[in-house]
Every structure is written in structure tokens, then in C-alpha cells.
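Each value in this text was obtained by applying a stated rule to the coordinates, not by laboratory testing. The structure displayed is predicted, hence computed values, not measured ones. Glycine also receives a Cβ, built like all others from the backbone with ideal geometry; neighbour counts cover every protein chain displayed.
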Amino acid sequence: MKRLLTLAASAIALTAAPLAAQDIAIAGATVATGDGGEPIENATVVVQNGRVVAAGQGVAVPAGVPVIDGSGAWVTPGIFASLTDIGLVDVGAVSASNDVSAGDSEFSAALDVAPVINPAAQDFSYSRAGGVTRASVAPGASSGIFAGQGAIIDLGADYDAVREARAFQYVELGERGAGIAGGSRTATHVMLRNALFEAQRLADTGARDEDAMLTRFDAMALAPVLSGQTQLYVEVNRASDILTALRLPDEFPGLDMVLVGATEGWMVAEQIAASGTPVIAAALRDLPASFEELAATQSNIGRMVDAGVTVAIMQYDSSGEHPRNLPQAAGNLVGLSRVTGATGLTWGEAFAAISSIPARIAGHANEGILRSGAHGDLVLWDGDPLELSSAPIRVWIDGVEQPLDNHQTRLRERYRTLDESQLPAAYRR
């Protein structure tokens, strides 16, 4: 069913407040619930009051709920982008529009992305048009190994984007962290431990030592990390660095960690699985681009999943500028499962890795999934969402249909019908 439905939501403008949720049912579609299972043919999804009521075969549509014929189409939960810079940057090369990192700041852990998220940034509308409905937004480390505090957002066409501020703290412990800390991993780990001890002292006594290295605000930002109230996202790639990170809870038992990167995670997958630590990793990082990635392989995620590790897919690198490409990354892992000697994912595993799993890692288990009580985030696709030839045709967030037009689509339409009669003579064909 290619392009039979148009961008029906494109007339909705960016508004100052969220619109009211719509009751909706989509019947006769192929439905992927995002729970790791395989797609269900000829199924129905019902959303009322912004929440999923039911999804699957044999679902009865309540009286009065409008029904969309989903024949030939696919329905999935919205994509949950596991690690992005959505809303922090418009033009990466223009520093005035780039709030990802603060290299000249006196603060590090205290930096908080939530107040500066810009829903009018171009990547909001691009990503929403690609089926992304929610995301974890992370800052970038620069002035210290702690990048700051990330946020969970939705991509609704309004200015109420932040769903959870200060959701996690981000720290760099690999090669880049070593460079920031003074040129060696030894300095990185001293800096990390000193920071956590200073935060603990401030939390316990309200006092700081005279020679404290952290600002008071930085120490205050790390206190909830020590208690597990705030997750600690730890970027590590080398197998030995991963094992070192996994030992941190031995010293600081309250830590709730998530490993980011883990390019060599397959080498220590059993240890990661035994620790219960989830991982956010790139799908197809397979080149020895640095000394901490010498054992990179496309089979990294598949091998970790087979070992029992909970893995969400992120972009090729950690910036996540184009999360609408996540279905392509997931689809490549499905294709990899058919390559002799390689380890990929099943279709259900791959889609879960860009929907329910990143949501669950972020502590938002009722997002990125179609089940009773979950948020009414739906994407109606014109084909298999993990195929490059497929695209979203309608998107709902919390039951509210979203516009899919954006700068790129407007340029496409402008030049598709360009009147060439007024071109200068030199440009005439």
C-alpha cells in the first residue's frame, strides 16, 4: 500500500499547548506491538483518551470510535530514540544554535538540557516525520568527564516537549574521557571517584571540603546518581573499560548504570548479562576506528542479546542527529541474521530495540509499546517499517495526530512544481 494515504496530519501547526487526544482505531493492518514478538497480520489497535486500549487480532472496536482501514499498511508504536541531541542543535557548525556541549563552562555534571530543548528545531519535525515519537536527549562532554543531565522528551507539535528532566547523568570513561581528564584513563577514574565522594559528602553532611574540586551545583547534581534516583549513563567501548565500569557498583552500590557504546561488548557479554546492566549500542559499528574499538563487529548487538543482555539500538555514533534512520539500523540487523557466520536479530527483537527496550531502559515502560494502558503513540506505515522503501503516513503521540510536513518536504514540493518560465535565459533548457 504505497502512498495511498497522504500526510493527513500536516495541517496541524506547532502550538503552544498539547492538543486534545483523539479516540481512534486502525483495523485490518499488520501490527507490531514492540514487545519483541513478530508482526501480527489482520490486527486492530484501539486508542482512547490518549492511551492504548487493545492491540491484536479479534479486538472489538468500541462504539463511536472512528475506524481507519489499515489494509496493506503496518501499525507500530512510535520509535523511542535511545540517545539523541534532538532539540539541542539546529546547525551543528553554528555555535549559536548548538547547545550540545559547553566547553568553556565552569560546570559539568550540573548542566541540564531540559530548559533549552527547542521543539521548533528542524530535527524535531524531521524525526517526527520518520516515526520517532519520544527520545532520550543527552548533552556532550567537553569541560569535564561529566557531560551533564539528560532529559526524556516527546516530539509532539507543541512546546511541551520535556516529559522528564534530569533523567540521567552522562559520563565519558573511554578514550575521549581520558583526553578530557588529562590524557589517561588513570586520571579519568580518579576524577570520577573524587566527584562521587564529594557528592556523597555533600549529601550526607551538607558540607564541602575546602579543597573540593566540584562546584556545589555539580556535587548536588551527582547526589541522586549515588542513590540510584538518577541513572548514570557510562560511555565505554573497550572490553576492559566495560569490566571496570561494571565494578563501580561494588564501591558505590546505589548506582543504576547504563552502558553506552560497548563496541567490544560481545567479548564480555556474559559479564554484562550477569550484572543486569542494560546497553545502548550502535547497530553496525564494525571498523577498528580507534584503539578502543579494535574488536568491533556487526555481530556485537546480536551476540550480546543472545547472551541475555538488554540492548537498545542507537545511531552509528552517540550524537544521534538522525534518529529517523533507526529503522534502517534495526533492519540491517535483521538482514545480518541471514548472513552465514554472523549474528543479528529477529524482526521482533530488532524493532523492540528501537521502541520498547530504549523506553524501558529510560524508565518509561509504557512507551514504545502497544498494550493496554500504554501511551497512544502510533505510527501508520505504508509497508514494513524496517524496509528502506517504507515510510510513515500518519503519526499520533498520546492519541494526538501530528503534522508530518517539515523543511525538507516543503522544499521537495516547491521544486517539484517549480515554474521554469521565468528563469534567466542562461538557465533555459
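Points to keep in mind about this one:
- For GluC sites (Glu not before Pro), the sites in the range 204-269 that DSSP calls loop and that have at most 14 other Cβ atoms within 10 Å are 210.
- Whole-number percent relative contact order across the range 79-363, with pairs defined as alpha carbons under 8 Å at least 6 apart: 17 percent
- Dividing the summed helix terms, -39500 (n - 2.57) for each DSSP H run of n ≥ 4, by the number of residues in the chain produces a 222 nm estimate of -7000 deg cm²/dmol to the nearest 500.
- Per-residue Cβ neighbour rank within 10 angstrom, fewest leading, 68, 369: 68, 369
- Interchain or long-range residues, amide H under 5 Å from residue 312's placed H: 279, 280, 281
- Each peptide in 268-274, 77-83 was scored by the mean count of other Cβ atoms within 10 Å over its residues; highest first, the order is 77-83, 268-274.
- Note on residue 122 and residue 38: the extension gain reaches 26.9 nm, defined as 0.36 nm multiplied by sequence separation minus the Cα-Cα distance.
- The range 353-401 versus the range 268-310: alpha-carbon centroid distance in Å: 25 Å
- Rounded to two decimals, the Cα radius of gyration of the chain over 2.2 N^0.38 Å is 1.03.
- Semi-axes of the equivalent ellipsoid for the range 39-183, computed as √(5λ) from the eigenvalues of its C-alpha gyration tensor and ordered from largest down, come to 39, 15, 13 Å.
- Sorting 291, 351, 168, 107 from the fewest to the most surrounding beta carbons within 10 angstrom yields 291, 107, 168, 351.
- Share antiparallel - DSSP beta bridges, the chain, percent rounded to 5: 55 percent
- Fewest-first ranking of 421, 355, using other Cβ atoms within 10 Å as the exposure measure: 421, 355
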